[in-house]
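Since the structure comes first, as structure tokens, the remarks are kept for the end.
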Amino acid sequence: MQDLIKECEAELNAVISPAYVYKVFIIEAMTENSVKLKDCPFILRGYDIAVHLKNSQKAILLGVTIGAGVDALIRKMQIENMAKAVIIDGLAAEAIERLCDSFQTREQGSLGAYAPQKALPRFSPGYGDFPIEAQKDFQNVLNLHKAIGVSVSDTMLLTPSKSVTAVLPVNSSELFQTH
């Protein structure tokens, strides 16, 4: 089993193409059920996202992917070797989470937002009452397709499938550049 996992890991590593894009926004106004970001064309809606950003001065909108090659590899393995497909899918899920964690540790930390061990969790569309339809807003604001090759389907799924959009709270009072 260990040999099979190592083989799958090597195949996955050969096709991973990690990328991310983000923008930092000042929180302009907040109600119990919404958050208005300065110079952002949409409002973050939902009680849960408002609670998540309650003590923040800023918010980072983030898009992350490990690339379309991963989806192609998983589809190929679903035809050739279902055991490998399942293992690669699991490894890819872990890879996208690690990439998100890496962003929080490296980029969010370098922005002066938090010490890496104190980074607050990311919050994605579809969590709690934060509408999944916000995926389309993220797509437009971050220009996901052009920036990192991520699209949002009519059913609000991200393509490539191992992609994430999220909001991260920022409590630092330092000024940030948008990326």
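The values are calculated or read from the model by the stated rules, or taken from the named source; none is laboratory data. Predicted, not measured: the structure shown is a model, and the values here were computed from it. Reconstructed Cβ throughout: ideal geometry from the backbone, glycine too, with neighbour counts over all protein chains shown. For accessibility, only protein heavy atoms count, side chains too; no ligands or nucleic acids. Shrake-Rupley method; radii C 1.70, N 1.55, O 1.52, S 1.80 Å.
Does residue 83 satisfy the condition of being in contact (Cβ under 8 Å) with a residue 24 or more places away in the chain and either assigned to a helix (DSSP H, G or I) or touching an Asp or Glu at 6+ places or on another chain (Cβ under 9 Å) (or both)? The answer is yes for residue 83. Filter segment 109-138 for residues that are at pLDDT 95 or above and either open to solvent by 40 Å² or more (accessible area, probe 1.4 Å) or assigned to a loop (DSSP other than H, G, I, E, B) (or both) and give the result. Result: 124, 125, 126, 127, 128, 129, 130, 131, 132, 133, 136, 137.
In segment 34-63, the residue that is nearest to residue 150 (Cα to Cα) out of those that are at pLDDT 95 or above and open to solvent by 80 Å² or more (accessible area, probe 1.4 Å) is 41.
Working only within segment 64-88, note down all residues that are of a type in the set (Val, Ile, Thr) and open to solvent by less than 20 Å² (accessible area, probe 1.4 Å). Those that are of a type in the set (Val, Ile, Thr) and open to solvent by less than 20 Å² (accessible area, probe 1.4 Å): 64, 65, 66, 70, 74, 88. Those residues that are closer than 25 Å to residue 47 by Cα and not in a loop (DSSP other than H, G, I, E, B), I need them from segment 139-156; list them, please. The answer is 139, 140, 141, 142, 152. Check whether at least one residue in segment 71-86 is at pLDDT 95 or above and of a type in the set (S, T, N, Q), and report yes or no. Yes; the residues of segment 71-86 include at least one that is at pLDDT 95 or above and of a type in the set (S, T, N, Q). Pairing residues of segment 157-173 that are in a loop (DSSP other than H, G, I, E, B) with residues that are at pLDDT below 95 and among the polar types (S, T, N, Q), at Cβ distances under 6 Å and at least 6 apart in sequence or on separate chains, gives 171/56.
On the stretch given as segment 1-33, residues that are in a strand (DSSP E or B) and buried (at least 19 other Cβ atoms within 10 Å of the Cβ) total 7.
Exactly one residue out of 141, 150 is closer than 28 Å to residue 12 by Cα and either among the hydrophobic types (A, V, I, L, M, F, W, C) or at pLDDT below 90 (or both), and it is 150.
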